[in-house]
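The values are calculated or read from the model by the stated rules, or taken from the named source; none is laboratory data. Keep in mind that what you see is a predicted model, and the values were worked out from it rather than measured. Backbone-built Cβ (ideal geometry, glycine too); neighbour counts: all protein chains shown. Side chains are part of the model used for accessible areas, which takes the heavy atoms of the whole protein and leaves out ligands, DNA and RNA. Shrake-Rupley method; radii C 1.70, N 1.55, O 1.52, S 1.80 Å.
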Amino acid sequence: MTMNSEDSALYRDITDFAHDTPMWVQHGAGIWTEAGLLVFVALFATAWWRARRDTPHAFAIAALAPVATAVAYVCSEVLKSAVTQERPCRAVAGAAASLAECPPHGDWSFPSNHATIAGAAAVALALVRRALLWLTAPLALLMAFSRVFVGVHYPHDVLAGLVLGTLVALVAVRLGRGPATRLAEAMRTSSAPAVRWFTGPGAARVTSYGSHARR
């Protein structure tokens, strides 16, 4: 797959800009583009822990969030193998050297796995708790931009990754939440302590004191 001149020009503009930024920005981008996905892992763990004391439906969505993200990653890998687009750090003539090490030939560019994972994680976590979108969406966009900034992806690679991750997460959670909710309900009544610990006790029952006889 070959890129048109406009796409390559935008890639060159961004990588030129990256080289003009202070060294601390370049180092920060290099760290974020690789380690930033760990932030989503921490958010998954937090969402799961909080959902242990929520309804089976809420727990099911929290448990599905990392699963949906993993499915999105697999879809991204399959698409990469079908498209076989060379990395821009190797294919774009006259571009500034990439800030990150250019992946070897055969580690294809389209779509961006990092952007796919970030997009799927951002949406899946927002399905767990809608307010999280204000945090996860900027993080996903920053992850996507960082992949172009360090020179290992075209802009359209990361855009496609975000879209792919979003769509897969939405479909995976929608298809899986019914069975996952029933499984969570069953697991919370399991005789195995480890299983009950994993799913948690669920939402605390509220005792109604509406109509007690007066003494």
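Below, the figures for the structure above:
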| read-out | value |
| --- | --- |
| Isotropic mean projected area of the C-alpha convex hull, the stretch 1-43 (nm²) | 4.6 |
| Protein-only accessible surface order, largest first, of V92, V74, V128 at 1.4 Å | V74, V128, V92 |
| The stretch 137-205 - percent of accessible surface contributed by carbon and sulfur, probe 1.4 Å | 72 |
| Farthest toward positive dipole pole in the stretch 67-215 [+1 Lys/Arg, -1 Asp/Glu at C-beta], among S190, A95, V74 | S190 |
| Distance (nanometres) between label positions extended 7 Å along Cα→Cβ at F198 and V67 | 1.1 |
| Value of relative contact order over the stretch 109-203, rounded to a whole percent, pairs C-alpha under 8 Å and six or more apart | 33 |
| The chain: Cys lacking any partner C-beta under 4.7 angstrom | C75 |
| Quarter of the Cα convex hull surface for the stretch 29-114, i.e. its orientation-mean projected area (nm²) | 6.8 |
| Accessible surface of the stretch 1-85 [probe 1.4 Å, protein heavy atoms]: carbon and sulfur percent | 68 |
| Using alpha-carbon coordinates, inclination of helix 133-149 to the longest axis of the chain, degrees | 20 |
| Radius of gyration and Dmax over the Cα atoms of the stretch 1-74, both given in Å | 19.0, 54 |
| Label selected from [x] 21.7, 89; [y] 22.1, 85; [z] 17.6, 65, the criterion being Rg and Dmax of the Cα atoms in Å as computed here | [x] |
| Average Cα contact separation per residue, the chain, under 8 Å, 6 or more apart, as relative contact order % | 29 |
